[in-house]
Amino acid sequence: MPTDSISGNIVEHLRRTAQQLPKQLAVLSANDSFESKTFESLFKDVELCALFFIKRGINKSDRTLLMVKPGYELIISCFALIYIGAIPVIIDPGMGLKSICSCIKRTQPRVLIGSKFVILLSFFLRDTCSSIKEKVTIPEKLSYFLKLRLNKKEIPGNSPSQDSDLAAIVFTSGSTGPPKGVRYLHKNFNAQIQSLKREFGIQKNEIDLTTLPIFALFNPALGITSVIPKINPRKPAHADDKLIVDAILFHHVTTAFCSPVIGRKISDYCTTHNLNLPNLRRLMLAGAPSPPDLLQSLSNIAPNATVFVPYGSTEALPVAYCDHGKIYELTESIRSGEGSCLGTAVKGAQLILVPPTNSPLPNEHEGQIELISKPNVTGEICVSGEMVTQGYDRMPGANRDARFIYMSSEFHRMGDLGYWDIQGNLRFLGRKAECVNTKNGPLETERCEQIVNKINGVNRSALIGIGNSKDQEPCLVVELATTSTNFSNTAREILNSLEQNLQEFNIIRVFNEKKLPVDSRHNAKIHRLELARKWSGKVNKNPQLGILK
């Protein structure tokens, strides 16, 4: 397994792969929505697309808002922008128009690339789009359009880049705060590619089910084929489970990276139809904690695969990982509220824990930084390494809150709470912003929700706090497994279980939501703060609401 470091940018990686594996399929559609492409033809399309963008007035270093639906057009557009040295700005379309407008205003892109509808919409958002000077409509069947309209002899050489150059601005999903633009350098992409090879054993000639668009950019550097399934990126929970499994089987997929929601769809469909996935070598689930039963089920239907759970965020990925075997060993511990297992750090990542605080941490020359090294002591997870991005774009306050210097290295505060267990595994207890601060001490989401989720009739749950931020009342919001489940009986069972396991917190309220609100990117992160605001307002109007005893 090669371990030499990777340099250059993703376009240079694609060029090398096109030279080494010219006839290997690079990208194909699981539902035939576009023509399959070899690495050689993909690179030629990228060159033509780069020429098209140059002719439309896009220059090196131009911030370019890329509002193109996932698929082949998005892939070659992103490669083409990096080819000419422009900076793609990627905003999650599912975060809502208000948040999207806020992101655009802060980033101040000079160029907008999108569909006819996106370009038309921009004219009605003049204030938001005031920085945009060039608007480029992406035609349908872009590859055919490029070959028909452009002269290959005019193709320029790709713009050289340094590892420390800005490669892209990718916005967070904003699940526990406003979305923030994360500054990706070329070296960050390279570190992520290297980790995929080194930690997870991905090799050339493999076939990837690409449920996240960014992997279509990484895969050419790895020499593997991307199968693009029919999934609406704004609503992965609505994806057709049959189409996903059919794509895995028909295309002999060997590797896949997906959210727990997609993982559950694969598991349920295969279990119901008595199907196995023998060609899968690895399955990676990320975006939210994956329950042990899901990992065990996936490992049963993919007998030749390792199910990995990588840990990270938009700001730093991957940071740590573990596999289904380790999680299976810790099943009872996890289900009893001792936290999900994140495993151990990837090579090149330095993980530390610091006492939780909402205040900025001092840099080492400004004051002493306390570290938590003892097992079973909760702290905030912080990471340093090449996979850590350059920080937030044009948000100095957020950068000061999230970064600090320790031992001459810059650390990123993940915003997650965790601890080291006695085996040396990093355990995850929940988001710091979602921890409920009660009069009897802090109560983290994973300590409580895992206990509730194993109760029959509960699909998933959310711990929320209502009242004063320093003296909150902990409450549970549950999503029932079926509409026929009796909420009153289930709620009483929940309260009885919590009284046995978390008696000191005296939880007496349980609320019911038909569907818990989740993030747009993975459809897995529960919006607990949104629920807290909603139910706090309701309890203010009716103080007895949710009380069953």
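A quick yes/no check of all residues on (1) touching a residue at least 40 places away in the same chain (Cβ under 8 Å); (2) of a type in the set (S, T, N, Q); (3) within 28 Å of F189 (Cα to Cα); (4) out of contact with any Phe, Trp or Tyr (no Cβ under 9 Å at 6 or more places or on another chain):
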site	(1), (2), (3), (4)
L353	yes, no, yes, no
I372	yes, no, no, no
Q390	yes, yes, yes, no
A398	yes, no, yes, no
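Per-residue answers, yes or no, for (1) of a type in the set (K, R); (2) more than 25 Å from R15 (Cβ to Cβ); (3) outside the structural domain of V46 (by TED's automatic domain parsing); (4) touching a Leu at 6+ places or on another chain (Cβ under 7 Å):
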| site | (1), (2), (3), (4) |
| --- | --- |
| V89 | no, no, no, yes |
| P109 | no, yes, no, yes |
| E140 | no, yes, no, no |
| F145 | no, no, no, no |
| G157 | no, no, no, no |
| Q162 | no, no, no, no |
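The residue that is nearest to the chain's Cα centre (by Cα), among those in region 122-172 that are among the hydrophobic types (A, V, I, L, M, F, W, C) and in a helix (DSSP H, G or I), is L142.
Inclusion of T314 among residues that are surrounded by fewer than 22 Cβ atoms within 10 Å (Cβ to Cβ) and in contact with a helix residue (DSSP H, G or I) (Cβ under 6 Å, 6 or more places away or on another chain) is not warranted.
Checked against (1) outside any loop (DSSP other than H, G, I, E, B); (2) at pLDDT 90 or above; (3) under 23 Å from V11 (Cβ atoms), N205 passes all but a single condition, namely (1). Tell me which residues, restricted to region 111-127, are closer than 30 Å to G397 by Cα and either surrounded by fewer than 18 Cβ atoms within 10 Å (Cβ to Cβ) or not assigned by TED's automatic domain parsing to the domain that holds A50 (or both). Once the filter is applied, which keeps residues that are closer than 30 Å to G397 by Cα and either surrounded by fewer than 18 Cβ atoms within 10 Å (Cβ to Cβ) or not assigned by TED's automatic domain parsing to the domain that holds A50 (or both), region 111-127 yields L125, R126, D127.
Taking region 411-512 and the strands (runs of 3 or more DSSP E) fully enclosed by it, the elements with 2 or more residues that are under 24 Å from G537 (Cα atoms), in contact (Cβ under 8 Å) with a residue 40 or more places away in the chain and among the β-branched types (V, I, T) are at 458-466. Within the option set S340, S336, being crowded, with 23+ Cβ neighbours inside 10 Å, touching a helix residue (DSSP H, G or I) at 6+ places or on another chain (Cβ under 8 Å) and hydroxyl-bearing (S, T, Y) holds for one residue only, S340. Of note, I169 does not satisfy the criterion of being at pLDDT 95 or above, surrounded by fewer than 21 Cβ atoms within 10 Å (Cβ to Cβ) and closer than 25 Å to L97 by Cα.
The one condition from (1) touching a Leu at 6+ places or on another chain (Cβ under 7 Å); (2) more than 20 Å from T344 (Cβ to Cβ); (3) of a type in the set (K, R) that R427 does not meet is (2).
The values are calculated or read from the model by the stated rules, or taken from the named source; none is laboratory data. Because the structure is a prediction, the values reported are computed rather than measured. Backbone-built Cβ (ideal geometry, glycine too); neighbour counts: all protein chains shown.
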